[in-house]
1. Determine, yes or no, whether GLY233 is surrounded by 15 or more Cβ atoms within 10 Å (Cβ to Cβ), over 18 Å from the mean Cα position of the chain (by Cα), among the small types (Gly, Ala, Ser) and modelled with pLDDT of 85 or more.
2. Among the residues of the stretch 122-139, how many are farther than 17 Å from THR82 by Cβ, outside any helix (DSSP H, G or I) and modelled with pLDDT of 80 or more?
3. Only one of LEU198, LEU216, LEU254, LEU226 is over 29 Å from THR289 (Cβ atoms) and crowded, with 20+ Cβ neighbours inside 10 Å; which?
4. Return the residue satisfying two criteria in turn: it lies in the stretch 295-340 and is among the β-branched types (Val, Ile, Thr) and surrounded by fewer than 16 Cβ atoms within 10 Å (Cβ to Cβ), and of such residues it is farthest from LYS143 (Cα to Cα).
5. Could you tell me which residue of the stretch 297-326 is modelled with the lowest pLDDT, considering only residues that are in a loop (DSSP other than H, G, I, E, B) and of a type outside the set (Gly, Ala, Ser)?
6. Quick one: VAL96 ticks every box in (1) loosely packed, with under 14 Cβ neighbours inside 10 Å; (2) in contact with a strand residue (DSSP E or B) (Cβ under 7 Å, 6 or more places away or on another chain) bar one, so which box is it?
7. Kindly indicate whether any position in the stretch 69-83 is in the same structural domain as ASP44 (by TED's automatic domain parsing) and under 18 Å from THR172 (Cα atoms).
Amino acid sequence: MRVSIRRLVFLFGLTLCAWLILQSAAEAAKAPARRDVVVMKNGDRITGKIKKLDHGQLYIEPPYVVAPIPVDWQQVERIESTAKFQLEMSGGKRLVGTIRKIPTQDNPNHDFIVENGGVETRVRAIDVVAFQAQKSNFWRQLKGSVNLGASYVSGVTATSVNLDADTSYSSTKYQIGAALSSNFSHQSGANSSNRQDLSSTSSLYLSRHAFVGSFLDFLTSDQQSLDLRQTYGGGYGRYFIRTNNVQFSWLGGLVFVKEAYSPESGMNPKDQNLEGLIELNYDWFRFNTSDLSTSFQLFPGISDAGRLRSNLNAAYSVNFTHDIVLRLNLFDTFDNRPPENALKNQFGISTTFGLTF
């Protein structure tokens, strides 16, 4: 039964992510052509469809190119667009509306204009962290990636397959996301090692820097004799830093944990605990070439005093083009009170190749 559940999780995640990519591509093909204008400080003029501002680069798609062209946001002199965008400012403010940029020397402190319902909001362009076009439906507003890696060694007949996928949806009031990590390895004459982790997070913004967040996680691991660990909880969080190339936030709260161990583990087959939650999230970007994303959760025991668990997930991505990435993934799962025949610490590194959408 354990193998069947894991295969279903793996296939469901892969099928869902593939469907999202196809859905996004199909909806994009239906979108009407726009003639936004971007003028650079050196006088270059680009006409096409402005897609987004991300990682310090503005993406614009002229009708004669295959993929959007990234340009340095700080080198943009002027923008004209009739499309509506969702924007995020460095101070945490979120706006929706049509956008326009004027030359900085004309008005250094108000060179970026957002208009919504006839009301203009003027800010500094350097304070605009990110924006993306307001899409026509929920599916087109999703962002994410699908990454797959595999290896095979002859002689010992060792096989390893890794799948990592994630998706997120953002609005001016909240953000939701989900991630799947699946690792399978097999070697002739040895036991197979499987690990699947399906998680979901959400944030409801209270102010520019504060939010309440939820945390859900479903983990299975052969090395830790864990059939299934279910974690439900959430708490209060704040952003430390939010700029064009760095985002850093924390979350503190409580989680409820249900664990089911394999019969040979020597543990109580089923257990329930209340634990604390301390979460740190750090993201670093370098234009459109690379980015580092890390998430760390610490779970101090409350009903099971003295127990301490932690999860670490990190990924470093190198972008070959706007959509294709090479990714180095790292995970670490720690439990100071594991089953007698299980590892305290499960650690893994994998390299995957994938697509973003």
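1. Values: surrounded by 15 or more Cβ atoms within 10 Å (Cβ to Cβ): yes; over 18 Å from the mean Cα position of the chain (by Cα): yes; among the small types (Gly, Ala, Ser): yes; modelled with pLDDT of 85 or more: yes.
So GLY233 passes the test.
2. The qualifying residues number 6.
3. On the way: LEU198 fails: crowded, with 20+ Cβ neighbours inside 10 Å; LEU216 fails: crowded, with 20+ Cβ neighbours inside 10 Å; LEU254 fails: crowded, with 20+ Cβ neighbours inside 10 Å.
Answer to the check: LEU226.
4. First pass over the stretch 295-340, keeping only residues among the β-branched types (Val, Ile, Thr): 302, 318, 321, 324-325, 333.
Going one step further and asking which of them are surrounded by fewer than 16 Cβ atoms within 10 Å (Cβ to Cβ), we end up with 302, 318, 321, 324.
Values: ILE302: 36, VAL318: 17, THR321: 16, ILE324: 14 Å.
The selected residue is ILE302.
5. Just the residues of the stretch 297-326 that are in a loop (DSSP other than H, G, I, E, B), to begin with: 302-307, 320-323.
The next check asks that each one be of a type outside the set (Gly, Ala, Ser); those that pass are 302, 304, 307, 320-323.
Details: ILE302: 95, ASP304: 89, ARG307: 92, PHE320: 75, THR321: 69, HIS322: 62, ASP323: 74.
This residue is HIS322.
6. (1) is the only condition that VAL96 fails.
7. In the first step, residues of the stretch 69-83 are kept if they are in the same structural domain as ASP44 (by TED's automatic domain parsing); the result is 69-83.
If we keep only those that are under 18 Å from THR172 (Cα atoms) as well, we get 83.
So far as the stretch 69-83 goes, yes, one or more of its residues are in the same structural domain as ASP44 (by TED's automatic domain parsing) and under 18 Å from THR172 (Cα atoms).
Yes/no per residue for (1) part of a strand (DSSP E or B); (2) within 30 Å of the chain's Cα centre (by Cα):
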| site | (1), (2) |
| --- | --- |
| ARG78 | yes, no |
| ALA83 | yes, yes |
| LEU87 | yes, yes |
| LEU95 | yes, yes |
| ARG100 | yes, yes |
| ASN109 | no, no |
| GLU115 | yes, yes |
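The values are calculated or read from the model by the stated rules, or taken from the named source; none is laboratory data. Please read these numbers as outputs of a predicted model, since none were measured by experiment. Note that each Cβ is placed from the backbone with ideal geometry, even for glycine, and that neighbours are counted across all protein chains shown.
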